[in-house]
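Remarks on the structure that follows.
The values are calculated or read from the model by the stated rules, or taken from the named source; none is laboratory data. If you're wondering where the values come from, they're calculated on a predicted model, not measured in any experiment. Cβ: placed from backbone, ideal geometry, glycine included. Neighbour counts: every protein chain shown. Heads up: the accessible areas ignore ligands, DNA and RNA and are worked out on the full protein's heavy atoms, side chains in. Shrake-Rupley method; radii C 1.70, N 1.55, O 1.52, S 1.80 Å.
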Amino acid sequence: MRRSPFGVDICCRKGSRSPLQELYNPTQRSLERVSPPWLELSNTAVLHQMRRDQVTDTCRANSAVSRKRRVLTPSDLKHLVVDEDHELIYCYVPKVACTNWKRLMMVLTGRGKYSDPMEIPANEAHVSANLKTLNQYSIPEINHRLKSYMKFLFVREPFERLVSAYRNKFTQKYNTSFHKRYGTKIVRRQRKNATQEALRKGDDVKFEEFVAYLIDPHTQREEPFNEHWQTVYSLCHPCHIHYDLVGKYETLEEDSNYVLQLAGVGSYLKFPTYAKSTRTTDEMTTEFFQNISSEHQTQLYEVYKLDFLMFNYSVPSYLKLE
């Protein structure tokens, strides 16, 4: 048994090394891939250790909130995608490049069926049958994989992610299922003197109404948030599951390619990049929050506070918290 510099015990397998071993105890071969090797790799290792520590410290400091439930059930694990061949577990978070990461996971798990992730249609990447998730295993199999596979997730500034979800689900005419499922409910609950057409279609939800719906105590009592605006700590359970890597949307390419490098596929597989002019930015998010009252801003921040703290995002300068 070899102990890593960070105090994690890693058992050495015969043959190829696992991503977990490469992360915590890199080989000389790994070090030679980067230049200058020692400096760059040690900086990357330190960065990811700091992110892990931030999650651990936040969970400990907020244990009353973050660990309300002591034990996870298999149904809590439906966002954790498993790659048996490369010993990876990826917790996907909607609106944080999850379509491209699901495409990558299809390439990794497809055993040659796919080679170019961008040739996989976006809707196909979201078909649940195309990827295996951790909740499909037995309890002993789940525990084994959680212990020996490298677990990673990608996060994003919480309010930027929220505005991105709103823009995608409520301002695009083609998202009629969301308009019917959530839009009609939001209009009915939040809009005085709503027209019959608005109540029927739910396709013109204002951002202020969306925020009012999210902070309404009745909403979460009624049902859990939809995954597109659910908190990361509720989707991926980082206070119960130790993630080895926390990637960030702000450093998406570097963090993604680091994961692929650790998995031993970095020489032939890269994270797909393409310019997307419609991407939600910080400036855009600032504009959306201009019409939100300070009272509602404060209540909304409380809903997403753990995500802000856990992943080291500062309170946005545009917020007027009470």
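Which residues, counting only those in segment 113-136, are more than 29 Å from F311 (Cα to Cα) and assigned to a loop (DSSP other than H, G, I, E, B)?
K113, Y114, S115, D116, I120, P121
Evaluate the following for L199: is it of a type outside the set (D, E, K, R) and assigned by the TED database to the domain that holds S63? Write out each step before concluding.
Values: of a type outside the set (D, E, K, R): yes; assigned by the TED database to the domain that holds S63: no.
No, not satisfied.
So which residues in segment 251-276 are more than 22 Å from the chain's Cα centre (by Cα) and open to solvent by 60 Å² or more (accessible area, probe 1.4 Å)?
Within segment 251-276, S267, Y268 meet the criteria.
Of all residues in segment 148-167, count the ones that are assigned to a helix (DSSP H, G or I) and either acidic (D, E) or modelled with pLDDT under 95 (or both).
Here is the first cut: in segment 148-167, the ones assigned to a helix (DSSP H, G or I) are 148, 158-167.
Next cut, either acidic (D, E) or modelled with pLDDT under 95 (or both) only: 160.
Adding up the residues that qualify gives 1.
Check every one of the helices (runs of 4 or more DSSP H) wholly within segment 213-322 and list those with 2 or more residues that are in contact with a strand residue (DSSP E or B) (Cβ under 7 Å, 6 or more places away or on another chain) and hydroxyl-bearing (S, T, Y). Please lay out each step first, then the result.
On the way: elements: 217-222, 232-236, 252-262, 282-289, 294-310.
Filter on segment 213-322 gives an empty set.
For residues that are among the hydroxyl-bearing types (S, T, Y) and within 19 Å of A97 (Cβ to Cβ), scanning just segment 214-233, find the one that is least open to solvent (accessible area, probe 1.4 Å).
At the first step, the residues of segment 214-233 found to be among the hydroxyl-bearing types (S, T, Y) are 219, 231, 233.
Then drop every residue that is not within 19 Å of A97 (Cβ to Cβ), which leaves 231, 233.
Values: T231: 5, Y233: 52 Å².
Applying the filter and picking the extreme gives T231.
Condition first: modelled with pLDDT of 95 or more and basic (K, R). Now tell me which residues in segment 202-243 satisfy that.
Once the filter is applied, which keeps residues that are modelled with pLDDT of 95 or more and basic (K, R), segment 202-243 yields only K206.
Mind listing just one residue for me: the one in segment 92-112 that is touching a strand residue (DSSP E or B) at 6+ places or on another chain (Cβ under 7 Å) and part of a loop (DSSP other than H, G, I, E, B) and, of those, nearest to E253 (Cα to Cα)?
Taking the candidates together, the pick is A97.
Counting only residues that are closer than 21 Å to V259 by Cα and small (G, A, S), which one in segment 113-161 is least open to solvent (accessible area, probe 1.4 Å)?
So the residue we want is A125.
I'd like the full set of residues that are open to solvent by less than 30 Å² (accessible area, probe 1.4 Å) and either assigned to a loop (DSSP other than H, G, I, E, B) or in contact with a Ser or Thr (Cβ under 8 Å, 6 or more places away or on another chain) (or both), limited to segment 82-91.
Going through segment 82-91, the residues open to solvent by less than 30 Å² (accessible area, probe 1.4 Å) turn out to be 82-83, 88-91.
Across segment 82-91, the qualifying residues are V82, D83.
Which condition number in (1) part of a helix (DSSP H, G or I); (2) of a type outside the set (A, V, I, L, M); (3) open to solvent by 40 Å² or more (accessible area, probe 1.4 Å) is the one that F210 fails?
(3)
Do we find that R279 is among the charged types (D, E, K, R), surrounded by fewer than 16 Cβ atoms within 10 Å (Cβ to Cβ) and under 17 Å from N168 (Cα atoms) in this structure?
Working: among the charged types (D, E, K, R): yes; surrounded by fewer than 16 Cβ atoms within 10 Å (Cβ to Cβ): yes; under 17 Å from N168 (Cα atoms): yes.
So R279 passes the test.
Output the residues belonging to segment 110-133 that are within 17 Å of the chain's Cα centre (by Cα) and in contact (Cβ under 8 Å) with a residue 60 or more places away in the chain.
none
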